[in-house]
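The values are calculated or read from the model by the stated rules, or taken from the named source; none is laboratory data. Here the structure is a predicted model, which means the values were calculated and not measured. As a convention, Cβ positions derive from the backbone with ideal geometry for all residues, glycine included, and neighbour counts pool all protein chains shown. For the accessible areas, the whole protein counts, side chains as well, though only heavy atoms, and no ligand, DNA or RNA atoms are used. Shrake-Rupley method; radii C 1.70, N 1.55, O 1.52, S 1.80 Å.
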Amino acid sequence: MLQKSAFFPGIQGPIVTIVMDGYGIAKSDVGSAIAAARKPTLDHLFANHPNITLRAHGTAVGMPSDEDMGNSEVGHNAIGAGQVYSQGASLVAEAIASGSIWQGAAWQQIIAGAKAGRGVIHFIGLFSDGNVHSHIDHLRAMILRANEEGVPVVRIHILIDGRDVPETSALEYVLPFEAFLAEVSRDGFDARIASGGGRMNITMDRYEANWSMVDKGWQTHVLGKGEQYESASAAVQALRVKFPGTIDQDLPAFVIASDGRPVGTIEDGDSVVFFNFRGDRSIEITRAFEEAGFDKFDRVRMPRVTYAGMLQYDGDLKLPKRFLVDPPAILDTMGEWFAKSGITQFACSETQKFGHVTYFWNGNRSNKFDGETYQEVSSDVVPFEQRPWMKAAEIADAMIEALQSGQYRTLRCNFANGDMVGHTGSFRAATMAIEAVDLQLARILPVVKALGGVALITADHGNADEMYEIDKKTRQPAQNPDGSFKAKTSHTLNPVPLILYDAVTGGKLGLRPLPGAGLSNIAATITHLLGFEKHAKWDESLLEVRQG
Ligand SMILES: O=C(O)[C@H](O)COP(=O)(O)O
Ligand SMILES: [Mn+2]
Ligand SMILES: [Mn+2]
């Protein structure tokens, strides 16, 4: 049990945490869809309620360096755990630097498995240096090591990014990588890219939003079915011409073939490494490789392979069984300790972010704690720039109903809009995304007030706050040759807001701007509002209580 607080008796009504995914505080209004949005509710909150900024990137959320932007996984982990753990990006980089990854049983089984079979290791994963789901340097290190350990054939299946890195940067990764593979492919070693496609088109679905993406990925990587090209760079170039305006993340699938035959189908006896370290978009393809009674699509054939993930993606489901690096052991989360203290919890989002407020929030666990209730609103399967309001209204409906039920002491939700629409690169749609969230805040907050509760409004990282690539020299939006602005589809390095919506104490509560405060300070702040002391492991509360 958490101890009752001697410092503050707690708010009588519900304590609500609202995560506006992808809402950062930009240094300048140039290129900010947030600045351009009409958002009277947020403007009023910033002007009239206590608010501070929190760090949401780099080392403040367990990333290797402060050059690394934040993301949903590390952001929600930090919020939910109240502590900062070294995250997958850091753990894998360290395991490679120290060489401990090569000594692990999983890597040795990958090598041994390949050697006992046809001598082939396949690497499948997100092909960039975004460091959100993967890093190309990890892939490079594994290929070199496979060669050193005498595996003769390596095949790489690339998921083209353009979402955590500039939107049409594929060739900046593919061309040097093809040169690297050509250079190492000698003395009997043969390493080639075998298939690929845009990451939002194949393989990397999450939270079961659209299994057909994984089906397409299976056909491409495993069965070698699809449009054939002689190399990945030729495929990207041809697809750019064939589908003008299509950004990298949406590129169609392609198969690399020689004399009409795919160069790298996945067969019995091969080894397969899924080299993403982040779990949400790795779970479905992992299930397709591991699950005996799999029924989400017709696999046609299921090769008997030695399969490993870069990390274990789900600690409850033990997915995958074999993994190269131990994931962070995220313990003593807010969800767990609230459950132990008899505090009822409600969590809601739409499919695209549902796991963020449940699985990531609870330290990458898919099982509920006692007293938790989850509600998922089904996301549409559409390009979100066409529906920037997404399911914000339905999430607000669910939150209002849950609030009014009186069953929950604390509630949380995530509005996906700023992030999911921000990732499309459409400035106009992103302003509407922010407006949609603003409109729903205007519905939820009066209910919180009427019930005598308070709300914390925050975000997990930036995105819609910078919709154009900024030219480093001029500090102005970078331009394409035709004069249009270069869209920025990735997250930002900006801090995020923490607003305390308190319309019930007559201004007694404030937020203290603790130097270096970040997302991991939110758990203790919520706990204080509930009238409890934080767990000893959690970072400090930011709540200020004025006496009198
Ligand atoms: O998976 C994605 O959509 C992006 O790589 C990161 O976005 P998220 O961290 O907000 O999910
Ligand atoms: Mn996010
Ligand atoms: Mn995002």
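Just a few scattered comments:
- Helices in the chain, meaning DSSP H runs of at least 4 residues, each add -39500 (n - 2.57). Divided by all residues, the mean residue ellipticity at 222 nm is -9000 deg cm²/dmol.
- Residue pairs, from the table K368/K488; K318/K340; K4/K353; K115/K296; K39/K353, whose Cα atoms sit over 27 Å apart: K368/K488; K4/K353; K115/K296
- D_trans [Stokes-Einstein, Kirkwood Rh over alpha-carbon pairs] for region 159-301, 4 °C, 1.567 mPa s, µm² s⁻¹: 82 µm²/s
- Measuring with a 1.4 angstrom probe and ignoring ligands and nucleic acids, M467 comes out at about 0 Å² accessible.
- Cut-off 13 Å between beta-carbons: net charge of the residues surrounding Q3, Lys and Arg +1, Asp and Glu -1: +2
- Computed from phi, the 3J(HN,Hα) profile of region 311-322 under the Karplus parametrisation 6.51, -1.76, 1.60 (θ = phi - 60°) reads 10, 7, 8, 9, x, 7, 7, 6, 10, x, 5, 10 Hz, with x in place of Gly and Pro.
- Our coupling estimate for region 499-507, obtained by passing each phi through the Karplus curve with A = 6.51, B = -1.76, C = 1.60 and θ = phi - 60°, is 10, 9, 8, 10, 10, 10, 9, x, x Hz, Gly and Pro reported as x.
- Net +/- balance of residues flanking A487 in space, Cβ distance below 12 Å, scoring K and R +1, D and E -1: -1
- Each distinct pair of alpha carbons in the chain adds a 1/r term; the inverse of their mean, the Kirkwood radius, is 24.0 Å.
- The H on the amide N of I124, modeled in the peptide plane, is under 5 Å from the matching H of H157, V273, F274, F275, each at least 5 residues off or on a different chain.
- Summarising the amide proton neighbourhood of E544: residues at separation of 5 or more, or on other chains, whose placed amide H is nearer than 5 Å comprise G510, L511, R512.
- Taking every DSSP bridge with both residues inside region 89-325, close to 15 percent are antiparallel.
- Carbon + sulfur, % of accessible area of the chain - ligands and nucleic acids excluded, 1.4 Å: 50 percent
- Basic side chains Lys and Arg get +1 at the Cβ, acidic Asp and Glu get -1 at the Cβ, and with that the dipole of region 135-217 about its Cα centre reaches some 140 debye.
- Anisotropy class of region 231-363 from Cα gyration tensor, a/c 1.5 cut: prolate
- For region 82-87, the Karplus equation 6.51 cos²θ - 1.76 cosθ + 1.60, evaluated at θ = phi - 60°, returns couplings of x, 9, 9, 10, 4, 9 Hz by residue, with Gly and Pro reported as x.
- Dipole of the chain [Lys/Arg +1, Asp/Glu -1 at C-beta], most positive-end residue of H423, W337, Y307: W337
- Environment charge at M420 (Cβ cut-off 12 Å; Lys +1, Arg +1, Asp -1, Glu -1): 0
- Accessible-area rank, largest first, for V236, V305: V305, V236, with all protein chains present and a 1.4 angstrom probe.
- Point-charge dipole on Cβ atoms (K/R +1, D/E -1) for the chain, about Cα centre, debye to 20: 620 debye
- Accessible-area order (highest first, 1.4 angstrom probe) of the listed residues D280, D482: D482, D280
- The residues of the chain present an accessible area of 37 Å² per residue when probed at 1.4 Å with all protein chains retained.
- Farthest towards the positive end of the charge dipole of the chain, among the residues A191, I52, L2, is the Cα of L2, using unit charges on the Cβ of Lys, Arg, Asp and Glu.
- Amide H within-cut-off set for L2, under 5 Å, with H built and near neighbours excluded: S341
- Its Cα centre serving as origin, region 89-325 has a Cβ charge dipole (Lys and Arg +1, Asp and Glu -1) of approximately 420 debye.
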